[in-house]
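The values are calculated or read from the model by the stated rules, or taken from the named source; none is laboratory data. Treat the numbers as computed from the prediction; the structure is a model and nothing was measured. Backbone-built Cβ (ideal geometry, glycine too); neighbour counts: all protein chains shown.
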């Protein structure tokens, strides 16, 4: 019986991926930009928790609602920019410095190099999110706000999912550019686009174009930042009625399936850009 062996390079090994991931994680932690992002997010999260907790019994949100809503707003601004910039500079920066060519000259396949880089940077983003929400959670606990720990953890987890979503988009950008500077500029433009197409942009567009309520809701799901916000709101408010007609439409039409749909949307957003970036990187002749 004849067996056909597949070259090792076509079968990514978890051991090699783990080695590359550890290297990327160490490099990220040594970077001054990592500590700048981590410090800014952690400091602002702690400040928000300290300021928002007094009088946080808000009718629309319930206990801890003001703090949670403020943290969600903070995440919408900082986490996408952080994930996009880290991802955009990853592959393009390594190619520009020659580090990628050196890595691929070893018995490391393209898939192993890509997923190792991705997982290492995802670990760095996890550390940053944990630092920010850990600081906010510590202050919340010390001040005895009676916050729902489950909702808090869910928002923190969704924040990391948003971070890896933006990391995947950033790495996809990185596969189309030759220099880290160009990739970084594109990433900032994409961040501004997501921000513009966020809550205020959607509301303005719906008013100007008389967009149906159903279209407004699904347009929000087409934006990963807005999908994160919707999924987070259900964590501490229990529904989307506070969003007005679009939220009421979602609750009435989707009912108990709403939460599942929102969570599934965030997972899809996290998986698709990373998958596309991996395919592009493996097929590209420029790397």
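Does residue 228 count as surrounded by 14 or more Cβ atoms within 10 Å (Cβ to Cβ), in a helix (DSSP H, G or I) and at pLDDT below 80? Please lay out each step first, then the result.
Values: surrounded by 14 or more Cβ atoms within 10 Å (Cβ to Cβ): yes; in a helix (DSSP H, G or I): yes; at pLDDT below 80: no.
Here the answer is no, as residue 228 does not meet what is asked.
Give the residues of the range 174-199 that are surrounded by 18 or more Cβ atoms within 10 Å (Cβ to Cβ), at pLDDT 90 or above and over 15 Å from the mean Cα position of the chain (by Cα), sorted by residue number. The answer is 174, 175, 183, 184, 186. Summed over the range 157-198, the residues that are in contact with a helix residue (DSSP H, G or I) (Cβ under 7 Å, 6 or more places away or on another chain), in a helix (DSSP H, G or I) and under 27 Å from residue 218 (Cβ atoms) give a count of 21.
So which of 130, 136 is modelled with pLDDT under 90, surrounded by fewer than 19 Cβ atoms within 10 Å (Cβ to Cβ) and either on the phi > 0 side of the Ramachandran plot or in contact with a helix residue (DSSP H, G or I) (Cβ under 9 Å, 6 or more places away or on another chain) (or both)? Lay out the reasoning, then the answer.
On the way: 136 fails: surrounded by fewer than 19 Cβ atoms within 10 Å (Cβ to Cβ).
Just one listed residue meets the conditions, 130.
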